[in-house]
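Here the structure is laid out as structure tokens; the discussion comes afterwards.
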Amino acid sequence: MNDNILCVPTDYIPAKDALKDQIILVTGAGSGIGRCAALTYAKHGATVVLLGRTLQKLEVVYDEIESAGGPQPAIYPMNFEGAAEKDYADMCDTLDREFGGLSGILHNASELGDRMPISDYSCDTWNRIMQVNANAPFMLSQALLPLLLKTTTGIANIVFTSSSVARHGRAYWGAYAASKAAQENLMQTLADELDGTCVRCNSINPGATRTAMRAAAYPAENPDTLKTPEQIMPLYIYLMENASRSMNGQRFNAQ
Ligand SMILES: NC(=O)c1ccc[n+]([C@@H]2O[C@H](COP(=O)([O-])OP(=O)(O)OC[C@H]3O[C@@H](n4cnc5c(N)ncnc54)[C@H](OP(=O)(O)O)[C@@H]3O)[C@@H](O)[C@H]2O)c1
């Protein structure tokens, strides 16, 4: 493990069936980068479990995967804001019953929270953002670890989603920055603890990407100047497949 920031190899071209036989849970799969990752994983052969808080959005993604001829996905509606330990244990039981194991988790769901100075930041907002962006990835990873450890595909991957403000806090990013730093640190701790097992942990900083969250953070920005979620997908595939099997505890930039 080291402190370098890595990128996907420049010559990396994923095979069409790079994720064949994999079962991958994507959080925040109803929109933005998560939606694109779910569609991309299915296109490359994975059975995708679509997790999010808005059922309608998940159903649209489900239909898109089915009409593209991908493996039949599954939907798991869940709002991280109110989810507790028992909800994660129930999820583990359900996924175990349905699939008998898991080969990947993409921790993608996050909330932006308020863009304001710490002096004015509300404690309620701080707690909510930490719950969704930092506590949920911890509880989800812990609950589903037994399923990852019995993957039938040889290796299993937990991919966390970071941000530039995780690496160096910046004015007015409040709980979002702290929660992303926590998530990146959790990735490193877990990677160290799981070294030598079949489970690897890495994190992605997507960089400025054309989504609703980016537009909310930078309302004056022209979205046409930004990369689309589709353009950053090579790294998302790479970290879920065999080509990156030597990577553990690494931080990646998607751009
Ligand atoms: N876009 C960027 O420029 C950028 C840059 C750096 C990092 N990131 C990170 O990349 C990831 C994806 O961001 P994005 O830009 O695609 O954002 P987005 O379009 O706002 O999507 C966020 C997703 O998270 C889900 N979500 C939010 N709160 C949730 C909750 N309480 N329970 C369950 N699901 C919840 C949302 O569900 P609903 O659709 O139902 O609301 C949505 O599907 C995030 O982790 C973000 O921090 C993005």
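The values are calculated or read from the model by the stated rules, or taken from the named source; none is laboratory data. Everything quoted here is computed from the prediction, not taken from an experiment. Cβ: placed from backbone, ideal geometry, glycine included. Neighbour counts: every protein chain shown. Accessible surface areas use protein heavy atoms only, side chains included; no ligands, DNA or RNA. Shrake-Rupley method; radii C 1.70, N 1.55, O 1.52, S 1.80 Å.
So for segment 204-224 (the condition being away from the ligand (no atom under 14 Å from the Cβ) and closer than 28 Å to A46 by Cα), does at least one residue qualify?
For segment 204-224, residues away from the ligand (no atom under 14 Å from the Cβ) and closer than 28 Å to A46 by Cα: absent.
Are any residues in segment 164-191 among the hydroxyl-bearing types (S, T, Y) and either modelled with pLDDT under 95 or over 13 Å from P137 (Cβ atoms) (or both), and if so, which ones?
Keep residues of segment 164-191 that are among the hydroxyl-bearing types (S, T, Y), which gives 164, 172, 176, 179, 189.
Passing the criteria: S164, Y172, Y176.
Can you confirm whether S119 is crowded, with 21+ Cβ neighbours inside 10 Å and not in a strand (DSSP E or B)? Walk me through it before giving the result.
On the way: crowded, with 21+ Cβ neighbours inside 10 Å: no; not in a strand (DSSP E or B): yes.
Criteria not met by S119.
Restricting the first residue to segment 146-173 and requiring it to be away from the ligand (no atom under 16 Å from the Cβ), which pairs with a second residue that is open to solvent by 50 Å² or more (accessible area, probe 1.4 Å) and in a loop (DSSP other than H, G, I, E, B) meet a Cβ separation below 6 Å and a spacing of at least six or different chains?
These pairs meet every condition: T153/D21; I155/R245.
Can you name every one of the helices (runs of 4 or more DSSP H) wholly within segment 129-226 that holds 1 or more residues which are open to solvent by 20 Å² or more (accessible area, probe 1.4 Å) and either farther than 26 Å from N248 by Cβ or among the aliphatic types (A, V, I, L, M) (or both)?
On the way: elements: 136-149, 164-167, 174-194, 212-217.
Of the helices (runs of 4 or more DSSP H) lying wholly inside segment 129-226, those with at least 1 residues that are open to solvent by 20 Å² or more (accessible area, probe 1.4 Å) and either farther than 26 Å from N248 by Cβ or among the aliphatic types (A, V, I, L, M) (or both) span 136-149, 174-194, 212-217.
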